[in-house]
Amino acid sequence: MDRKDHMTPRPHVSVAVATLLLMSAVGCGEAPESESGLNRIPPGQEFSGFLGDYSELTPNPNLDSEALTYTNPDEMKGLQRYVAMIIDPVEIYVVSDADESLIPVRSREAVANYFHHALVGAISDVYPVVDTPGPLVLRLRSAVVGVDAGGTVVRIEEPFETDTPFSVAIVVDEVVVEMELVDSETGERIAAAVDRTNLGEGAEVGSSNFSRDERFSEAKLAFDGWAADIRDFLDSEHELSDEDVERASGVYPAYSR
């Protein structure tokens, strides 16, 4: 990777190579990133590219949501073999043509932080949440895909007594949640899911703490619902044998509570 050629390529050759690489990246469905680091859905693509490979995801009859899921077919790498989980920071992908100036870092962080909090709450009683990779530890990667900007947030005294509203609401009514569980040491995919449940109109985030305004409450319900869907997916795949329970309890005592 670090090998350098003995001869410096001509400028027009470098430009041509760079162009081909860019075309290749777009063709593979990788999400374009702006100079500010904002992730965007590739134009015309069904998925964001966050998961890389979507080919093995299929509808799951065990779930009420419209989720597409995948689980590793190797029984020795099933979810039931793991006893704890690292939950990575949530990534945010905006719609392809979103106006970057209307979706500042502060509003994206509010969405990411709330969903992360919802995931921890939904998962922690089945997998203790830890910070360190290990041989029995999963890593959860997740992304909220399709965030857009809405209208101006009207300041209402009561909901914003302890919270400063955004200038523009962040719309999440049509977002998709993509997630992947990988072995924390090897990085091998153990499970993955794309939750496409459509909320309908009305779910918006208007402040860093999500105000009590009805539209913003819908957003809270949405994130809590997506976290619950992921928990349902884990439950549907996570049936422990007595041997698994004993093994897990010995490694992470909190698991048996």
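Where a number appears in this text, it was derived from the coordinates with a stated rule and is not lab data. All values reported here derive from a predicted model rather than from experimental measurement. When we count neighbours, we look across all protein chains shown, and the Cβ atoms used for this are built from the backbone with ideal geometry, even at glycine.
List, in order, the whole-Hz ³J(HN,Hα) value for each residue of the stretch 166-178 obtained from phi through the Karplus relation with A = 6.51, B = -1.76, C = 1.60 and θ = phi - 60°; use x for Gly and Pro.
6, 6, 10, 5, 9, 8, 10, 5, 10, 6, 10, 9, 10
On a full-extension model of 0.36 nm per residue, what is the gain between ASP88 and ARG196, subtracting their alpha-carbon distance, rounded to one decimal in nm?
Going from the current span to full extension adds 36.8 nm.
Go ahead and run the numbers for FRET between VAL129 and GLN80, Cβ-Cβ distance against an R0 of 25 Å, rounding to 0.05.
E between VAL129 and GLN80, to the nearest 0.05, is 0.90.
Taking H as built 1.01 Å from N, whose amide H comes closer than 5 Å to the amide H of PHE166, not counting residues under 5 places away?
For PHE166, whose amide H was placed from the backbone, the distant partners under 5 Å are SER207, SER208.
How far is it, in nm, from the label point at ASP235 to the one at GLU185 when both lie 7 Å from their Cα along the line to the Cβ?
Taking the two extended label points, one gets 3.1 nm.
Quick one: if the Förster radius is 41 Å, what FRET efficiency do THR58 and GLU100 give, using the C-beta to C-beta distance and rounding to 0.05?
It comes out at approximately 0.75.
I need the phi-derived Karplus couplings for the stretch 123-138: 6.51 cos²θ - 1.76 cosθ + 1.60, θ = phi - 60°, integer Hz, Gly and Pro marked x.
9, 4, 8, 10, 10, x, 8, 10, 10, 10, x, x, x, 10, 10, 8
Over the Cα atoms of the stretch 37-112, how large are the radius of gyration and the largest Cα-Cα distance (Dmax), in Å?
In order Rg, Dmax, the Cα atoms of the stretch 37-112 give 16.3, 47 Å.
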